[in-house]
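Asks: After the structure tokens below, expect a handful of questions from me.
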Amino acid sequence: MGQWFPTRCRISKKEISQSGFSGVRFLLWKDVKGYAPSASDEFPGLISILVRAKRRKMVLWIPKGELAEQVITTFGERCPLIPEDEKERSEKVTVSDSEAMQLILGSVAYAILAGYLLFVYSSRAMLIMVPAITLFLGPGTIGCLLLYGKKTFREKNVKGIAGVFNMLGFMLLMLTWALFALYHWSQVIKELG
């Protein structure tokens, strides 16, 4: 879940759930292997709690104060604290299914819009500049900035994720541009025939 979208956390006897922009995610307590609370530099009024399960992880954002203390106490009673060296390994960003879907949809929307604009305002400079910008600052970079914030430029694997979706955006851009051109010329041919 990206840090720019509001989320709601719920902790019950059976599970930990988080709902927000991309839907609902949950972890069963029986699958939880550990937790690690930490203060946030980006959000001084919040505490982040990394929850690690068998194959997944979740980050909960809790307002500082009594509620955060109660949540940390609950985690302390139900699972072990993640050691600092393990915590650093766990904080490596992985893309969830909902985040991947958001990046794919963003790449498609970007490609359709940029392909149309490239077709309408086509010039030699635009045909070079728009695809080049897409490869470096395209939908992958924009999407990762919205989902992961500053980590987009700090962490290698987030840069890799951005690069993959920039490449997808580039290929879709070229495809949509070609489709707009084909449609245009088919209409011209119909009118001439």
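The values are calculated or read from the model by the stated rules, or taken from the named source; none is laboratory data. Keep in mind it's a predicted model, so treat the numbers as computed, not measured. Every residue, glycine as well, gets a Cβ built from its backbone with ideal geometry; the counts of neighbours run over all protein chains shown.
Asks: Which of (1) within 29 Å of GLY143 (Cβ to Cβ); (2) modelled with pLDDT of 80 or more; (3) out of contact with any Leu (no Cβ under 8 Å at 6 or more places or on another chain) is the odd one out, the single condition ILE82 does not satisfy?
Replies: All conditions pass for ILE82, except number (3).
Asks: Counting only residues that are in a helix (DSSP H, G or I) and within 28 Å of the chain's Cα centre (by Cα), which one in the stretch 70-84 is surrounded by the most Cβ atoms within 10 Å (Cβ to Cβ)? Give the derivation first.
Replies: To start, the set of residues in the stretch 70-84 that are in a helix (DSSP H, G or I) comprises 70-78, 84.
Restricting the remaining residues to those that are within 28 Å of the chain's Cα centre (by Cα) gives 71-72, 75, 84.
Numbers: VAL71: 20, ILE72: 16, PHE75: 22, GLU84: 9.
Checked the stretch 70-84; the qualifying residue surrounded by the most Cβ atoms within 10 Å (Cβ to Cβ) is PHE75.
Asks: Of the residues that make up the stretch 166-187, is at least one of a type in the set (Phe, Trp, Tyr), free of Cβ contacts under 8 Å to residues at least 24 places away in the same chain and assigned to a helix (DSSP H, G or I)?
Replies: Looking only at the stretch 166-187, we keep the residues that are of a type in the set (Phe, Trp, Tyr), and these are 170, 177, 180, 183, 185.
This time we only want the ones that are free of Cβ contacts under 8 Å to residues at least 24 places away in the same chain, so: 183, 185.
Then drop every residue that is not assigned to a helix (DSSP H, G or I), which leaves 183, 185.
For the stretch 166-187, residues of a type in the set (Phe, Trp, Tyr), free of Cβ contacts under 8 Å to residues at least 24 places away in the same chain and assigned to a helix (DSSP H, G or I): present.
Asks: Continuing with the same structure: Scan the stretch 150-180 residue by residue and report those that are of a type in the set (A, V, I, L, M, F, W, C) and modelled with pLDDT under 85. Let's see the steps before the verdict.
Replies: Step one: of the stretch 150-180, the residues of a type in the set (A, V, I, L, M, F, W, C) are 153, 158, 161-162, 164-165, 167-168, 170-175, 177-180.
Matches in the stretch 150-180: PHE153, VAL158.
Asks: Still on this structure: Name the one entry in LEU147, LEU103, LEU127, LEU118 that is at pLDDT below 85 and buried (at least 17 other Cβ atoms within 10 Å of the Cβ). Talk me through it step by step, then tell me what you get.
Replies: Values: LEU103 fails: at pLDDT below 85; LEU127 fails: buried (at least 17 other Cβ atoms within 10 Å of the Cβ); LEU118 fails: at pLDDT below 85.
That would be LEU147, the only listed residue that is at pLDDT below 85 and buried (at least 17 other Cβ atoms within 10 Å of the Cβ).
Asks: Here's a follow-up. For the stretch 56-78, enumerate the residues that are among the basic types (Lys, Arg) and farther than 14 Å from LYS13 by Cα. Spell out how you get there, then give the answer.
Replies: Residues of the stretch 56-78 that are among the basic types (Lys, Arg), as a first pass: 56-57, 64, 78.
Across the stretch 56-78, the qualifying residues are ARG56, LYS57, LYS64.
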